[in-house]
1. Determine which member of the set LEU235, LEU244 is free of Cβ contacts under 8 Å to residues at least 40 places away in the same chain and assigned by TED's automatic domain parsing to the domain that holds ILE280.
2. Look at segment 267-287 and say how many of its residues are of a type outside the set (Lys, Arg), surrounded by 15 or more Cβ atoms within 10 Å (Cβ to Cβ) and out of contact with any Pro (no Cβ under 7 Å at 6 or more places or on another chain).
3. Collect the residues in segment 53-78 that are over 22 Å from the mean Cα position of the chain (by Cα), part of a loop (DSSP other than H, G, I, E, B) and within 11 Å of the ligand (Cβ to nearest atom), keeping them in residue-number order.
4. State all residues of segment 250-295 that are farther than 17 Å from ILE233 by Cα, in a loop (DSSP other than H, G, I, E, B), of a type outside the set (A, V, I, L, M) and without any contact (Cβ under 8 Å) to a residue 60 or more places away in the chain; if no residue qualifies, say none.
5. Please find, within segment 161-174, the residue that is farthest from ALA249 (Cα to Cα) out of those that are surrounded by 19 or more Cβ atoms within 10 Å (Cβ to Cβ) and away from the ligand (no atom under 14 Å from the Cβ).
6. Could you tell me whether segment 239-249 includes any residue that is more than 17 Å from the chain's Cα centre (by Cα) and either outside any helix (DSSP H, G or I) or within 13 Å of the ligand (Cβ to nearest atom) (or both)?
7. Would you mind finding the one in SER155, SER85 that is in a strand (DSSP E or B), more than 16 Å from MET63 (Cβ to Cβ), touching a helix residue (DSSP H, G or I) at 6+ places or on another chain (Cβ under 9 Å) and polar (S, T, N, Q)?
8. Considering each of ILE184, ILE91 in turn, give the residue that is open to solvent by less than 30 Å² (accessible area, probe 1.4 Å), in contact with a helix residue (DSSP H, G or I) (Cβ under 9 Å, 6 or more places away or on another chain), at pLDDT 95 or above and not in a helix (DSSP H, G or I).
Amino acid sequence: MKVGFIGLGIMGKPMAKNVLKHGYEVICFDFNQANIDEVVTAGAQAGASGKEVAEKAEVVITMLPNSPNVEAALFSENGISAGLSAGQTVIDMSSIAPQASQKFAKQLKKQAVEFLDAPVSGGEPKAIDGTIAVMVGGKQTVFDKYEELLKTMASSVMLVGDVGAGNITKLANQMIVAINIAAISEAYSLAKKANVSPEAVYQAIRSGLAGSTVMEQKSAKIFAGNWDPGFRIELHIKDLQNVLDTSHAVNVATPFSSLAMDVMQALKAHGHEQEDHAAIARFYEQINNISLQES
Ligand code: NAD
């Protein structure tokens, strides 16, 4: 099976390499030539446009920043839809607005093209290891056809509902992560101001009920003051905007997500949007005039 792969950034590049490693042919495209070159060196063919990729592949995977990027990749001149024909499938693995996934699925249906929204969780290290989690929205029959392909990149692949359900699940994930980083930062700030070592607090509670994957991955970064991304604040702002748009659309109150969004907006206003989302801790450091780094 020949697989098209469009969007070869932090996540897309290692994911495309894992598809190659499992014996699939890959034809790829990105706006960034250096990204294409790296995946071609790993064995892929280069496409000149989304259109060419779609003409030459059975299934086209996209891994792009947000809804407008996916829309442009699909429907602009020389975009994917211009090269698609009946019976093909597009699998969008970007984290985008669920409403946008549903709109794209409808548009592609006019060409008799199937669509899955299949966003991922796990970040760059798991994308490299091929152990990301994939949450999929779409038809069971289409999912069954491409489950093996998705498993080349992931340790967990799960169909959660119709088109859009994958991105609803991803938004739920992003709410939990943002609020969880804020919670550990707030707790460590209390400890610091009360003259108890935040690192001692972490060691004492990590195996109890408050322990979490977020606590494990982000505490070390907070204590080291290491804000290298990982997952950039600007991408998390994009996800929380999609959370708030969706929560307003379905009329659900999400107060802690709104607070987490305001914290991230404040960090952006101070120029921190390219930093890892662990830098939520910096907001607490600034308002409390403390440092959470061990001295
Ligand atoms: P990135 O910015 O590193 O990569 C995006 C790539 O898409 C870039 O190489 C860019 O040149 C390319 N691109 C943009 N528009 C294009 C177009 N129309 N045609 C061709 N190429 C185009 O982003 P990333 O970190 O790889 O994230 C991709 C998606 O995965 C986002 O939705 C993000 O929220 C999600 N995600 C990221 C992480 C992470 O830790 N970085 C983890 C889970 C999910």
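The values are calculated or read from the model by the stated rules, or taken from the named source; none is laboratory data. Remember, predicted model here, so these are calculated numbers, not experimental data. All Cβ positions, even for glycine, are placed from backbone atoms using ideal geometry, and neighbour counts span all protein chains on display. Side chains included, ligands, DNA and RNA excluded: accessible areas come from the protein's heavy atoms. Shrake-Rupley method; radii C 1.70, N 1.55, O 1.52, S 1.80 Å.
1. LEU244
2. The number of residues fulfilling the criteria is 11.
3. Once the filter is applied, which keeps residues that are over 22 Å from the mean Cα position of the chain (by Cα), part of a loop (DSSP other than H, G, I, E, B) and within 11 Å of the ligand (Cβ to nearest atom), segment 53-78 yields SER76, ASN78.
4. ASN251, ASN289, SER295
5. VAL163
6. no
7. SER155
8. ILE91
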